[in-house]
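The values are calculated or read from the model by the stated rules, or taken from the named source; none is laboratory data. Quick caveat: nothing in here was measured; it's all calculated off a predicted structure. Heads up, the Cβs are rebuilt from the backbone with ideal geometry, glycines too, and the neighbour counts pull from every protein chain shown.
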Amino acid sequence: MVKNIVNKQSIKEFLMINLGVFLAALSFALFLDKYNVVIGGVSGLGIIIKHILWFEVSTPLIVLIINILLLMLSLILLGKSFFLKTIYGSVMFPVYAWLVELAMRHLPEMVSLSKENDYFLIITISAVLMGVGLGLAMKYGASTGGVDIIQFALLKYLKIPLSLSIIIIDGIVILYGAIEFQSLATALYGLVFMFISGYFIDNIIFGGFNVRSAHIITSKPEEIKKRIFEVLGRGVTEVYARGGYSGHDKIMLICVLTTREYYQLRSLVQEIDDRAFIYVNKAAEVRGEGFTYESESSD
């Protein structure tokens, strides 16, 4: 039973990682590379290098070469564990991008947009695809490598926070792209891309769970617990608390549930104890029985 669950979970993770990497590669090949949209990271660097070179070369190949060099660096600076976690996404991202590029040569023009008239649309669609793709890959434990390696190395050896190193590295790439393509708009659109894709990455990783954490302070904890078990089928955690003003000992119930279930919870709590104190937080992430995997039957 447990082995089957593990196997199903592993297959799901593998498929979702591949879907995520493919969506990111689709964004790159279909929009970013095609319309010379310079974003941060290795993708943006690859587009710039292709523009500088005096001979024709595939951008996915440039990205692959850079990623291989960075992977070798990660093995030296960050160790085997980080290397193994990063190698699949680092290699498959440019491979998928190359396959999309190859398919576009042999298929009718599916996406025909004008850089002059549709640039914001190009940025928006590509940023959403990239954000969803990278979010899925990260959520299931993969990375597309690239400047992640540099960022983690800076964190490990120079104690530079990831949030700062991302701004520095991506900012340098975007600024250089604006200089190379002689367009301030390129830099501004690159920043817009980062904002939109970052929003979707955060929502895929942390906001995909439409989940709330309800904290209930009540004089009738046993009745409310029983009703939660019966009506919602959710677990409850008891926390012993003390009123700061009254000094009275109290029991606080904590229950994690979906937004839809919360409205049922609120109703049943009010029915039992209309003086109960409830406060609710949006849970950034929830993992465990009842949420990321189904409850096992008692038999």
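Applying the criterion of being free of Cβ contacts under 8 Å to residues at least 40 places away in the same chain and more than 19 Å from Y119 (Cβ to Cβ) to the residues of region 161-198, the residue that is surrounded by the fewest Cβ atoms within 10 Å (Cβ to Cβ) is S163. Looking across region 227-241, the residues that are within 16 Å of I272 (Cα to Cα) and surrounded by fewer than 15 Cβ atoms within 10 Å (Cβ to Cβ) come down to F229, E230, V231. Annotation: of all residues in region 114-136 being without any contact (Cβ under 8 Å) to a residue 40 or more places away in the chain and not polar (S, T, N, Q), the one that is nearest to L73 (Cα to Cα) is L121. Tell me whether region 78-85 contains one or more residues that are crowded, with 24+ Cβ neighbours inside 10 Å, assigned by TED's automatic domain parsing to the domain that holds M194 and within 30 Å of K156 (Cβ to Cβ). Within region 78-85, not a single residue is crowded, with 24+ Cβ neighbours inside 10 Å, assigned by TED's automatic domain parsing to the domain that holds M194 and within 30 Å of K156 (Cβ to Cβ).
Restricted to region 137-160, and to residues there that are touching a residue at least 12 places away in the same chain (Cβ under 8 Å) and outside any helix (DSSP H, G or I), the residue that is nearest to Q9 (Cα to Cα) is Y140. Yes or no: G145 at pLDDT 80 or above, crowded, with 19+ Cβ neighbours inside 10 Å and not β-branched (V, I, T)? Taking the combined requirement at face value, the residue does not satisfy it.
Residues checked against (1) outside the structural domain of Y157 (by TED's automatic domain parsing); (2) polar (S, T, N, Q); (3) under 22 Å from the mean Cα position of the chain (by Cα):
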| site | (1), (2), (3) |
| --- | --- |
| M16 | no, no, yes |
| F28 | no, no, yes |
| V38 | no, no, yes |
| T59 | no, yes, no |
| I65 | no, no, no |
| L75 | no, no, no |
| I87 | no, no, yes |
| F93 | no, no, yes |
| A97 | no, no, yes |
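State yes or no: is L158 over 26 Å from L23 (Cα atoms) and hydrophobic (A, V, I, L, M, F, W, C)? Considered against the rule, which asks whether it is over 26 Å from L23 (Cα atoms) and hydrophobic (A, V, I, L, M, F, W, C), L158 comes out as yes.
When L113, L19 are screened for being in contact with a Leu (Cβ under 8 Å, 6 or more places away or on another chain), at pLDDT 90 or above, surrounded by fewer than 16 Cβ atoms within 10 Å (Cβ to Cβ) and not hydroxyl-bearing (S, T, Y), only L19 passes. Going by the structure shown, is I224 buried (at least 17 other Cβ atoms within 10 Å of the Cβ) and either touching a Lys or Arg at 6+ places or on another chain (Cβ under 6 Å) or assigned to a helix (DSSP H, G or I) (or both)? For I224, the condition - buried (at least 17 other Cβ atoms within 10 Å of the Cβ) and either touching a Lys or Arg at 6+ places or on another chain (Cβ under 6 Å) or assigned to a helix (DSSP H, G or I) (or both) - is met. Working only within region 65-90, note down all residues that are over 15 Å from F14 (Cα atoms) and among the aliphatic types (A, V, I, L, M). Residues satisfying the conditions are I65, I66, I68, L69, L70, L71, M72, L73, L75, I76, L77, L78. What about I39, is it within 25 Å of K139 (Cβ to Cβ) and among the hydrophobic types (A, V, I, L, M, F, W, C)? So I39 fits the description; yes.
If the condition is being touching a residue at least 24 places away in the same chain (Cβ under 8 Å) and touching a Gly at 6+ places or on another chain (Cβ under 6 Å), then region 45-69 contributes I48, T59, V63, N67.
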